[in-house]
Amino acid sequence: DGGITQSPKYLFRKEGQNVTLSCEQNLNHDAMYWYRQDPGQGLRLIYYSQIVNDFQKGDIAEGYSVSREKKESFPLTVTSAQKNPTAFYLCATQGSANEKLFFGSGTQLSVL
Amino acid sequence: RKEVEQDPGPFNVPEGATVAFNCTYSNSASQSFFWYRQDCRKEPKLLMSVYSSGNEDGRFTAQLNRASQYISLLIRDSKLSDSATYLCVVGTYNFNKFYFGSGTKLNVKP
């Protein structure tokens, strides 16, 4: 089945720790995105990538980093510089401009 | 001003009711419009794309009004399973430019 796989489903971070959220897709989509969702708020763009080895900051990139070494994979690292990381993180892909977004099942990140 | 605005609700309706949501957007260059459904702690799932001519899918009807810059979603004969948060999503002709409303919560009661 084609789709987007996010892991883990739940993740806990200790203070000062970096954690990495995985996003893998087999839809052959060029564009991949990371969004953050806080309760009662709309999704906010963290980073996006239109092509392998290239990515751009979104609206709230501070404290996060990404890589795009393969078309299928777009991991997100939440660094210790992100002081308020507790949120629901969603990875999405898009086949071409103007098309809908496809979402992974999300990762809930909490701070211990 | 937010790019996309929605009434957060909640809308509490009985089964069988008709309910309508509106969403306004500020960017007149917007090209694509969608309604997504999101259940608690789950990913958003596409409910329907919205076209200028309007479109219908079973009990759901979506309309776009470019002049007034709003889109609407009408749900007829509400079911308990329709209880969810409905997200309005607006895109421009750039890969990175999707704008999300904060969602409208619907509770359908028996």
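General remarks:
- Sequence-distant aspartates and glutamates (8 or more away, or on other chains) whose Cα lies within less than 16 Å of B:Lys105: A:Asp38, B:Glu5, B:Asp7, B:Glu15, B:Asp39, B:Glu43, B:Asp82
- With θ taken as phi - 60° and the Karplus curve 6.51 cos²θ - 1.76 cosθ + 1.60 applied, the whole-hertz 3J(HN,Hα) list for segment A:27-32 is 8, 6, 8, 6, 8, 9 Hz, x standing for glycine and proline.
- Distance violations [Cα-Cα > 24 Å] among A:Lys9/A:Lys71; A:Lys71/B:Lys2; A:Lys14/B:Lys2; A:Lys100/B:Lys79: A:Lys71/B:Lys2; A:Lys14/B:Lys2; A:Lys100/B:Lys79
- Long-range tail of P(r) for the protein assembly as shown (Cα pairs > 31 Å, %): 22
- B:Phe11 long-range amide H proximity, modeled H, under 5 Å: B:Lys105, B:Leu106, B:Asn107
- Note, ³J(HN,Hα) from phi for segment B:49-61, Karplus 6.51, -1.76, 1.60, rounded to Hz, x at Gly and Pro: 7, 10, 10, 4, 7, x, 8, 10, 9, x, 7, 10, 10
- Between B:Asn27 and A:Lys14, the simple spin-label model (points 7 angstrom out along Cα→Cβ) gives 4.2 nm.
- Peptide-level mean, for B:17-25, of C-beta atoms on other protein chains within 10 Å: 0
- Equivalent ellipsoid, chain A (semi-axes from 5 times Cα gyration tensor eigenvalues, Å): 22, 14, 13
- Distant-in-sequence amide contacts of B:Leu47, defined by a placed amide H-H separation under 5 Å and a gap of 5 or more residues or a different chain, comprise B:Trp35, B:Tyr36, B:Arg37.
- Close amide-amide hydrogen proximity is noted between A:Gly106 and A:Gln6, A:Cys91, each under 5 Å apart and 5 or more residues distant or on a separate chain (H modeled in the peptide plane; Pro and chain starts excluded).
- By other beta-carbon atoms within 10 Å, ranking A:Lys14, B:Lys105 with the fewest at the front produces A:Lys14, B:Lys105.
- Counts of other chain beta carbons within 10 angstrom of each beta carbon in peptide A:99-107 average 5.
- Residue-averaged beta-carbon neighbours from other chains (10 angstrom radius) around A:23-30: 0
- Site-free segments of chain B were taken between chymotrypsin sites (Phe, Trp or Tyr not before Pro) in DSSP loops having at most 16 other Cβ atoms within 10 Å, sites themselves excluded; the longest one is B:1-50.
- Spread of Cα-to-Cα distances over 5 Å intervals beginning at zero, given as percent, for segment B:1-56: 4, 12, 20, 25, 24, 11, 4, 1
- Distance between segment A:10-33 and segment B:1-64 - C-alpha centres, whole angstrom: 28
- Spacing of the two label points (7 Å from each Cα toward its C-beta) at A:Ser7 and B:Glu56, in nm: 4.5
Any read-out appearing in this document is the output of simple, stated calculations on the displayed coordinates, not a laboratory observation. Because the structure is predicted, anything quoted here is derived from the model rather than measured. So basically every Cβ, Gly included, is an ideal-geometry build from the backbone, and we count neighbours across all protein chains shown.
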